[in-house]
Amino acid sequence: MRPRERVEAVLNFTQPDRIPVISPFQGFWAIVASGLKVTEAFAVPSKAAESQIRMLEMAPFDGLEVFWDWLTPAEACGCKVVFPEEGNPATMDTAIKSLSEVDKLEVPDIRRHARSMDDLNLATHLNKRLCMDRFTYITLVLPFTLAGELRGVEKMMLDILKKPAELHPLIEYSQKVLEEYLKFANDTGVDGIFWCDPVASAGLISPKQFRSFTMPYEKSLLQKTREADLKALLHICGNTSDRLDAILEISPDLMSLDCAVDLTKAMKALYGRVPIMGNVSTTDLFLGKPDDIRAASKSCMKSAGMRGFALGAACDIPIGSPIENVKALCNSVLEKDT
Ligand SMILES: [Zn+2]
């Protein structure tokens, strides 16, 4: 089987020739691991593209992201974002200072936001190079997380408690912005969108708050992704064990689980309905040894079995993770006793 067919088998719950391995988020790691600075990668997108190809030769993922700049919508909406030389971009100043300013926010014209267009052109270029063989996707945040960037996550957490009704218009605005990105994503030719909601985990909101502030927006955007003939993949950081029933209702084409989630229990809850990906610890990828990664990968594969499962890191592969560890993740699926 070719790598992309292997990933498609997982999404369809058919038997692949072996378990596929998907990064799921390797973009920034690959830039730095290839010897490039993050700032250089943004200044010269062709260098960023080459960094991904070079690292893919060493760490041959079956599926990978070709658009990793998930905070670009926040900048397009007016946030001030900084770019460290060897780190992920970070929002330094929010787009709004109070919820009363939401009415003044306009959905940005993406064509006039240079960084977004560079990212999309890069995704198109990488997809052309890789799509015959690999399963490719764009990584974007979901409305609740984008709202957190525009407002500030701590302030948004207080809004949930103090002004819940006033918070929804900000999330609705974020949804409209992301629907625009979805339209452009469709033109890049990728197979899917990896929608991420790092702010929607049990560490920050309760299952009840998840159902109110996150779930309806996730559900709608994932549905629109499928209507655009793209696969709708979902990642939520942290522990999602207490909201697997809601994830079943959202019904993504693939659910990427963080390492705080027990894979055996998640497989039991979602099997046959939602394919699962996970969940080798990113701390181990950063700090551990190749043997640790092999053992963790083997344990994941043993818990999950051959159908409806892809091996992958539990979240972003951290910048600075040794290549030997990432290679060990990729090679684990080739070992005979798995
Ligand atoms: Zn995560």
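Check off (1) open to solvent by 30 Å² or more (accessible area, probe 1.4 Å); (2) more than 16 Å from the ligand (Cβ to nearest atom); (3) in contact (Cβ under 8 Å) with a residue 12 or more places away in the chain for CYS259 and give me the number that stays unchecked.
Unmet for CYS259, out of (1) open to solvent by 30 Å² or more (accessible area, probe 1.4 Å); (2) more than 16 Å from the ligand (Cβ to nearest atom); (3) in contact (Cβ under 8 Å) with a residue 12 or more places away in the chain: (2).
Within the range 215-233, is there a residue that is open to solvent by less than 10 Å² (accessible area, probe 1.4 Å), within 16 Å of the ligand (Cβ to nearest atom), within 17 Å of the chain's Cα centre (by Cα) and charged (D, E, K, R)?
yes
Within the group ARG294, ARG273, ARG307, which residue is farther than 21 Å from LEU244 by Cα, of a type in the set (D, E, K, R) and away from the ligand (no atom under 16 Å from the Cβ)?
Only one candidate passes the filter, namely ARG294.
Take MET92 and decide whether it is touching a Lys or Arg at 6+ places or on another chain (Cβ under 7 Å), free of Cβ contacts under 8 Å to residues at least 12 places away in the same chain and open to solvent by 10 Å² or more (accessible area, probe 1.4 Å).
no
How many residues are open to solvent by less than 10 Å² (accessible area, probe 1.4 Å), in contact with a Cys (Cβ under 8 Å, 6 or more places away or on another chain) and in a helix (DSSP H, G or I) when one looks only at the range 275-292? It would help to see each step written out before you state the result.
Keep residues of the range 275-292 that are open to solvent by less than 10 Å² (accessible area, probe 1.4 Å), which gives 275-278, 280, 285.
Restricting the remaining residues to those that are in contact with a Cys (Cβ under 8 Å, 6 or more places away or on another chain) gives 278, 280.
Among the residues that remain, those that are also in a helix (DSSP H, G or I) are: none.
Here the count works out to 0.
Of the conditions (1) open to solvent by less than 10 Å² (accessible area, probe 1.4 Å); (2) of a type in the set (A, V, I, L, M, F, W, C); (3) within 16 Å of the ligand (Cβ to nearest atom), ILE250 fails just one. Which one is it?
It is condition (3) that ILE250 fails.
Output the qualifying pairs, or none if there are none: Cβ atoms under 7 angstrom, residues six or more apart or on different chains, first residue in the range 228-240 and of a type outside the set (S, T, N, Q), second residue more than 16 Å from the ligand (Cβ to nearest atom) and part of a strand (DSSP E or B).
Qualifying pairs under 7 Å: LEU230/GLY192; LYS231/GLY192; ALA232/GLY192; LEU233/GLY192.
Report, ordered by the first and then the second residue, all pairs with beta carbons closer than 6 Å, sequence separation of six or more or different chains, a first member in the range 54-66 that is of a type in the set (Gly, Ala, Ser), and a second member that is open to solvent by less than 10 Å² (accessible area, probe 1.4 Å) and outside any loop (DSSP other than H, G, I, E, B).
That search, which allows pairs on different chains as well, returns ALA59/VAL326; ALA59/CYS330; GLY63/VAL7; GLY63/ILE22; GLY63/PHE135.
Inside the range 163-214, can you point out the residues that are open to solvent by less than 10 Å² (accessible area, probe 1.4 Å), within 16 Å of the ligand (Cβ to nearest atom) and either farther than 25 Å from ASP242 by Cα or in contact with a His (Cβ under 8 Å, 6 or more places away or on another chain) (or both)?
Answer for the range 163-214, where residues must be open to solvent by less than 10 Å² (accessible area, probe 1.4 Å), within 16 Å of the ligand (Cβ to nearest atom) and either farther than 25 Å from ASP242 by Cα or in contact with a His (Cβ under 8 Å, 6 or more places away or on another chain) (or both): PHE194, TRP195, ASP197.
Within the range 120-149, take every residue that is in contact with a Ser or Thr (Cβ under 6 Å, 6 or more places away or on another chain) and surrounded by 24 or more Cβ atoms within 10 Å (Cβ to Cβ) and give me the one that is nearest to LYS183 (Cα to Cα).
The qualifying residue nearest to LYS183 (Cα to Cα) is ALA123.
Sort out which residues of the range 235-246 are within 14 Å of the ligand (Cβ to nearest atom) and either open to solvent by less than 10 Å² (accessible area, probe 1.4 Å) or over 20 Å from the mean Cα position of the chain (by Cα) (or both), and write them in order of number. Before you say what the answer is, go through the steps one by one.
So the first thing to find is which residues in the range 235-246 are within 14 Å of the ligand (Cβ to nearest atom), and the list is 235-240.
Hits for the range 235-246 are HIS235, ILE236, THR240.
Just one of LEU150, LEU178, LEU158 is modelled with pLDDT of 95 or more, out of contact with any Cys (no Cβ under 9 Å at 6 or more places or on another chain), farther than 26 Å from LYS231 by Cα and part of a helix (DSSP H, G or I); which is it?
LEU158
Restricting attention to the range 293-331, which residues are part of a loop (DSSP other than H, G, I, E, B) and within 18 Å of ASN239 (Cα to Cα)?
The answer is ALA314, CYS315, ILE317.
The values are calculated or read from the model by the stated rules, or taken from the named source; none is laboratory data. It should be emphasised that the depicted structure is a prediction, and the values quoted were computed from it without experimental measurement. Positions of Cβ are backbone-derived with ideal geometry, glycine not excepted, and every protein chain shown enters the neighbour counts. Please note that ligands, DNA and RNA were not included when accessible areas were found on the heavy atoms of the full protein model with its side chains. Shrake-Rupley method; radii C 1.70, N 1.55, O 1.52, S 1.80 Å.
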